[in-house]
Amino acid sequence: MNIKVLHSGLLTTVQDIGRYGSQKYGVIVSGAMDSYSLRLANILVGNKENEAALEITLYGTTLQFEEDTLIAITGGDFLTTIDGIIAPLWRPVLIKKNSILKFNSAIKGSRAYVAFAGGIDTPKIMGSKSTYLRANIGGFEGRALQKGDSLNIGEKSKISEALLKQLDDKNVSWSINFNDLLNFQQDLIIRVLKGTEFDRFDKESQQTFFQEPYTLTVQSDRMGYRIEGPSISLSEKFELLSEGVTFGTIQIPPNGQPIILMADRQTTGGYPKFGQVITADLPSLAQLQPRATIRFKEVTLLEAETVLVQNEQFINNLKTAIHYKLFH
């Protein structure tokens, strides 16, 4: 079964949870910027959570379906339509043969995700289907989607088949309440742990970072977010060897304007690490649009772990509820 790309959009790529285990070879992780939305989209169509889906950025692609297909759309609101009618979000949706799915400009958030029952049938490279754009590997021919591309869909699971039977030409009446996981406001509080070089910055910078707002600049992408605001200064200059970095690492380059590393981050970095965005807040951070306002709040490791465990429990409960609804 094929899905044809009629319009490519700004940046639409195939992504899963990421390419882990290869950073020692210099291969970046990639994967979904908003992992919660990708995971929930897959759950809603009966896929494994780490199955590949499409990530659509700021304004979207247009797809035509050659067969009836079960999909779910999550993440930002792009005023998405199916044959001109506003599409339901955060729930399973049956797309009829020859229907056209169109993502318009984002009105809430910056990234939308669409999962297909059976997943996207593309080879795994180093254990992942995610697109690594700079190296042209993974995803669809290692690049963003283009007009004329055709996506193949894999075999549906038993849960996907049960969802299709339940739909029976009608949309389901239930949807996910995602508010406990994601915040789509564009004036956002992001929780941060102290970085390994935090104490090397002067006291004024340490206080200012957590008191003053910063603005997400247009020079931001899947590799990193450049933010603009009060300058952050070291107490004294020092030489730092390149060290491992991760999703959400906050680095301070010589100009004093923070950079937050994102999904396509490099494997190592040589700038001092001021802080680390907690894992639970990364998906909300990924949904910010350029010119959004970010305020930072320091939290403890225990607080970061607690909210992450709560979010994972929410997702597990959701899977249990869907399974119960289908098979009882």
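The numbers here are math on the coordinates, done by the rules we state, and not lab data. Only a predicted model underlies this, so the values are computations on that prediction, with no experimental measurement involved. FYI the Cβ positions are ideal-geometry reconstructions off the backbone, even for glycines, and counts take in every protein chain you see.
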Nearest-ten-degree value, helix 158-167 long axis tilted from longest Cα axis of the chain: 60
Lys/Arg +1, Asp/Glu -1 at C-beta; region 211-305 dipole; positive extreme among Thr268, Gln287, Leu234: Gln287
The chain: angle of helix 301-327 to the longest principal axis, Cα-based, in degrees nearest 10: 0
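What list do you get for Phe296, Phe178, Phe274 if you sort them by fewest beta carbons within 10 Å? Don't jump to the answer; show the numbers that get you there.
On the way: Phe296 23, Phe178 19, Phe274 26.
Listed from fewest to most nearby Cβ atoms, that is Phe178, Phe296, Phe274.
Taking a 26 Å limit on the Cα-Cα distance, which of the listed pairs Lys102/Lys297; Lys24/Lys203; Lys97/Lys158; Lys24/Lys158; Lys102/Lys158 fall beyond it?
In this structure, Lys102/Lys297; Lys24/Lys203; Lys24/Lys158; Lys102/Lys158 exceed 26 Å between Cα atoms.
Would you work out the relative contact order for the chain, in percent, from Cα pairs under 8 angstrom that are 6 or more residues apart? If you can, show how the numbers build up before the last one.
Working: 805 pairs, mean separation 63.7, N = 328.
Here the relative contact order equals 19 percent.
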Region 144-165 and region 272-328: distance between their alpha carbon centers, rounded to Å: 27
For region 137-148, 3J(HN,Hα) per residue [Karplus equation, 6.51 cos²θ - 1.76 cosθ + 1.60, θ = phi - 60°, Hz, x = Gly/Pro]: 10, x, x, 9, 6, x, 9, 6, 5, 10, 4, x
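Please report the projected area of region 22-128's Cα convex hull averaged over all directions, in nm².
Details: hull surface 27.3 nm².
Dividing the Cα hull surface by four gives the mean projection, 6.8 nm².
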Amide H contacts under 5 Å for Phe296, placed H, 5+ residues apart: Ile190
Table column - 3J(HN,Hα) (Hz), region 13-18, Karplus curve with 6.51, -1.76, 1.60, x for Gly and Pro: 10, 7, 9, 10, 6, x
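Let me check I have the definition right: for region 1-58, take the eigenvalues of the Cα gyration tensor, multiply each by 5, take square roots. What are those semi-axes in whole Å, largest first?
One finds semi-axes of 21, 16, 11 Å for region 1-58.
With n ≥ 4 as the cut-off for DSSP H runs, can you work out [θ] at 222 nm for the chain, using -39500 (n - 2.57) per run divided by the number of residues, rounded to the nearest 500? Present the calculation step by step, with values, prior to reporting the outcome.
Values: 5 runs with 59 residues, N = 328.
Per the formula, -5500 deg cm²/dmol.
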His7 paired with Lys203, simple spin-label distance in nm, labels 7 Å along Cα-to-beta-carbon: 5.7
Using alpha-carbon coordinates, inclination of helix 35-44 to the longest axis of the chain, degrees: 20
Share, in percent, of DSSP beta bridges within the chain that are antiparallel, nearest 5: 90
Kirkwood Rh, Cα atoms: Rg over Rh of region 193-315: 0.95
Percent of beta bridges antiparallel (DSSP, region 187-300, rounded to nearest 5): 75
Glu197, Glu312, Glu239, Glu155 arranged by Cβ crowding within 10 Å, fewest neighbours leading: Glu239, Glu155, Glu312, Glu197
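Sorted from fewest to most neighbouring beta carbons within 10 Å, what does the list Trp174, Trp90 look like?
Details: Trp174 12, Trp90 18.
Fewest-to-most Cβ neighbours within 10 Å comes out as Trp174, Trp90.
Expressed as a rounded percentage, what relative contact order does region 2-178 have, with Cα pairs under 8 Å and six or more residues apart? Intermediate values should be presented prior to the final figure.
On the way: 472 pairs, mean separation 53.1, N = 177.
Across region 2-178, relative contact order equals 30 percent.
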Over region 174-300, relative contact order from alpha-carbon pairs under 8 Å, at least 6 apart, %: 40
Radius of gyration and maximum dimension Dmax of region 72-193, Cα, Å: 16.6, 49
